[in-house]
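The values are calculated or read from the model by the stated rules, or taken from the named source; none is laboratory data. What you are looking at is a predicted structure, and each value in this text was computed from that prediction instead of being measured. So basically every Cβ, Gly included, is an ideal-geometry build from the backbone, and we count neighbours across all protein chains shown. Keep in mind that these areas ignore ligands, DNA and RNA; they rest on the heavy atoms of the full protein, side chains included. Shrake-Rupley method; radii C 1.70, N 1.55, O 1.52, S 1.80 Å.
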Amino acid sequence: MVDFEEFELAYAPVPKAGSTVVKTALATLGETLPEADDPAWVHNHMPTRRFNSETFARSADFWRFTVIRDPIERLLAVYTDLILGRDVLAYAADVRRGRIDMPTRPDPDFFFQNLDRYRAASFAIKHHAMKQMVFTGPDLGAYDHIYDAGRLGEVVSDLSCMTGRRITLPPRAQAVSHEPLKMRDLKPETRAIIRAEAAADYEAFSGFLVAA
């Protein structure tokens with residue numbers, strides 16, 4: 001949890017569910033601001049951690065919120081962002097040391113059909129492809145509010161009202177643009193793997209996801 005004792009707020013970040021945007025917006029509540037040339041600043045100062053029931057219980061008197069994303073859309077974004085956008089496998093230690101024989105720029109079908117192997121090869125992929133409830137906990141009813149990653153403007157609007165501070169969405173980072181990956185772009189066997197990966201989050205988040 002990312003706690004703001006002064007405002008009695010607590011946020012549970014979820015990777016690939018708007019966490020960078022929300023953390024950057026929340027940083028304006030602190031005494032220091034993110035470095036313009038350090039995109040990892042907010043994650044170093046507000047780390048994303050797995051759900052811990054004892055830590056969660058300590059924020060019981062705070063207004064607790066999280067942001068979730070459609071589970072399939074989020075998994076597809078792992079490929080688009082980490083593989084196409086950031087090329088994270090080029091920096092993975094096992095790749096640099098020649099310990100893996102998998103392509104570092106796989107096509108999406110190969111990537112998802114070998115997702116466990118890629119998780120083992122790269123912490124970034126493992127971290128971002130974990131189930132969302134690893135970070136939120138299985139009971140979203142324990143939060144005061146659940147936001148959808150597609151509506152981050154609602155997050156900053158509500159936080160501005162609650163804190164009395166002007167909080168705005170940070171400007172979009174200038175990055176190489178890639179067309180969003182769609183399920184229809186994938187082979188049937190790949191779609192089946194992705195649906196199986198997303199099933200637990202769909203079950204846990206039933207009733208909280210915004211309909212497409």
Limited to region 138-153, what total is found for residues that are more than 21 Å from residue 59 (Cβ to Cβ) and assigned to a helix (DSSP H, G or I)? 5
Output the number of the condition that residue 50 fails; it satisfies all remaining conditions of (1) assigned to a helix (DSSP H, G or I); (2) open to solvent by 20 Å² or more (accessible area, probe 1.4 Å). (1)
Residue 126 meets each of (1) in a helix (DSSP H, G or I); (2) exposed (fewer than 12 other Cβ atoms within 10 Å of the Cβ); (3) of a type in the set (D, E, K, R) with one exception, condition (2)
Pick out the one residue from 191, 151, 165 that is surrounded by fewer than 17 Cβ atoms within 10 Å (Cβ to Cβ), within 26 Å of residue 23 (Cβ to Cβ) and touching a helix residue (DSSP H, G or I) at 6+ places or on another chain (Cβ under 7 Å). 165
Between a residue in region 100-125 that is in contact (Cβ under 8 Å) with a residue 24 or more places away in the chain and any residue that is assigned to a helix (DSSP H, G or I) and among the polar types (S, T, N, Q), which pairs come within a Cβ distance under 8 Å, given they are 6 or more apart or on different chains? 108/190; 109/190; 112/190; 113/190
Filtered residues of region 82-99 (kept if open to solvent by 30 Å² or more (accessible area, probe 1.4 Å) and either within 23 Å of residue 50 (Cβ to Cβ) or in a helix (DSSP H, G or I) (or both)): 84, 85, 86, 90, 91, 93, 94, 95, 96
Name, by its number, the condition in (1) crowded, with 17+ Cβ neighbours inside 10 Å; (2) at pLDDT 90 or above that does not hold for residue 34. (2)
Is at least one residue of region 16-38 closer than 15 Å to residue 159 by Cα, of a type in the set (S, T, N, Q) and assigned to a strand (DSSP E or B)? no
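Residue by residue, here is whether (1) open to solvent by 20 Å² or more (accessible area, probe 1.4 Å); (2) closer than 30 Å to residue 8 by Cβ; (3) of a type in the set (Val, Ile, Thr) holds:
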| position | (1), (2), (3) |
| --- | --- |
| 101 | yes, no, no |
| 104 | yes, no, yes |
| 120 | yes, no, no |
| 132 | no, yes, no |
